Amino acid sequence: MPKKGIIAVISGFSGAGKGTLVNELVKRYGYAVSISATTRPPRAGETEGKEYFFKTKEEFLQMIKEEKFIEYAKYVNNYYGTPKDYVFSQINSGQDVLLEIEMQGALQVKKNFPDVSLIFITPPSTAELKKRLINRGTEAADIIDKRISRAVEECSYMDKYDYIIVNDDLDKCIIQMHGLLQSLHFTKNNQKQLIESICNNFSSFLL
Ligand code: 5GP
């Protein structure tokens, strides 16, 4: 049986550069990334089943009722959720899976799966964050303001995360993230099977 993959949660302020970072980790190192369902309308260039599964509110609520999500949350007027099936089939086949989700969802994952590591990505400063949000040009001014207010609220929860990474230089950040993600395979909680088999073997020497 292949060794199970790990699940890692990646969150960060809107505009922290998580999307670019996750795309590069997938491209360079072959991580799988969970595709969420959302009620947010697609942005220009986004396609069904690539960035998101786009749902109506009714469809999303039905998925909640049918317990199809690992976690879900409401974020600035829309619902977002991580479908269970894909994530579990990937880790069972030995693939590492990244969940790029916001904070309420991340904390739900931690509560239900305490071994999962939570990683928070932050830009070097709030001025840089605002600049990136405005330059991205994908959101109207009122939505940018809401996303910044949300970032202010999120600050007080940053210490719930296991790791904090500053994204001031994309290449450096990608290398740091890959190193961190690989090291997660060696935590004692992810090595339970190995510990058990070694200890069983040793105890059999004593018989
Ligand atoms: P955006 O609208 O910019 O694509 O995403 C808004 C926020 O929703 C981001 O912080 C993103 O990480 C988060 N998000 C995306 N998918 C999910 C999900 O499945 N669950 C949760 N809780 N948050 C998500």
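The values are calculated or read from the model by the stated rules, or taken from the named source; none is laboratory data. A quick note: this is a predicted structure, and the numbers were derived from the prediction, not measured. We place every Cβ from the backbone using ideal geometry, glycine too, and count neighbours over all the protein chains shown.
Which of the following residues is closer than 18 Å to Leu98 by Cβ and not assigned by TED's automatic domain parsing to the domain that holds Tyr157: Glu48, Glu71?
Details: Glu48 fails: closer than 18 Å to Leu98 by Cβ.
Being closer than 18 Å to Leu98 by Cβ and not assigned by TED's automatic domain parsing to the domain that holds Tyr157 holds for just one of Glu48, Glu71, which is Glu71.
For the range 10-61, a tally of residues being closer than 21 Å to Asn167 by Cα, modelled with pLDDT of 95 or more and among the charged types (D, E, K, R) returns 3. Residues that are touching a residue at least 12 places away in the same chain (Cβ under 8 Å) and surrounded by fewer than 12 Cβ atoms within 10 Å (Cβ to Cβ) within the range 46-66 comprise Gly49, Lys50, Thr56, Lys57, listed in sequence order. Identify the single condition in (1) within 14 Å of the ligand (Cβ to nearest atom); (2) without any contact (Cβ under 8 Å) to a residue 24 or more places away in the chain that Phe205 does not satisfy, given that it satisfies every other one. Going through the list (1) within 14 Å of the ligand (Cβ to nearest atom); (2) without any contact (Cβ under 8 Å) to a residue 24 or more places away in the chain, Phe205 breaks only (1).
Please state which one of Gly137, Gly105 is under 21 Å from Pro42 (Cα atoms), without any contact (Cβ under 8 Å) to a residue 24 or more places away in the chain, assigned by TED's automatic domain parsing to the domain that holds Lys172 and not hydrophobic (A, V, I, L, M, F, W, C). Walk me through it before giving the result.
Working: Gly105 fails: without any contact (Cβ under 8 Å) to a residue 24 or more places away in the chain.
After ruling out the rest, the residue left standing is Gly137.
Output the residue which, of all residues in the range 69-120 that are in a strand (DSSP E or B), more than 10 Å from the ligand (Cβ to nearest atom) and of a type in the set (A, V, I, L, M), is farthest from Tyr161 (Cα to Cα). Among residues in the range 69-120 that are in a strand (DSSP E or B), more than 10 Å from the ligand (Cβ to nearest atom) and of a type in the set (A, V, I, L, M), the one farthest from Tyr161 (Cα to Cα) is Val97. The set of residues in the range 1-27 being closer than 28 Å to Gln191 by Cβ and assigned to a loop (DSSP other than H, G, I, E, B) consists of Met1, Pro2, Lys3, Lys4, Gly5, Ile6.
Going through the range 23-53 one residue at a time, which ones are more than 16 Å from Thr138 (Cβ to Cβ) and small (Gly, Ala, Ser)? Of everything in the range 23-53, those that are more than 16 Å from Thr138 (Cβ to Cβ) and small (Gly, Ala, Ser) turn out to be Gly30, Ala32, Ser34, Ser36, Ala37, Gly49. Taking (1) surrounded by fewer than 17 Cβ atoms within 10 Å (Cβ to Cβ); (2) under 20 Å from Met177 (Cβ atoms) in turn, Lys111 satisfies each apart from (2).
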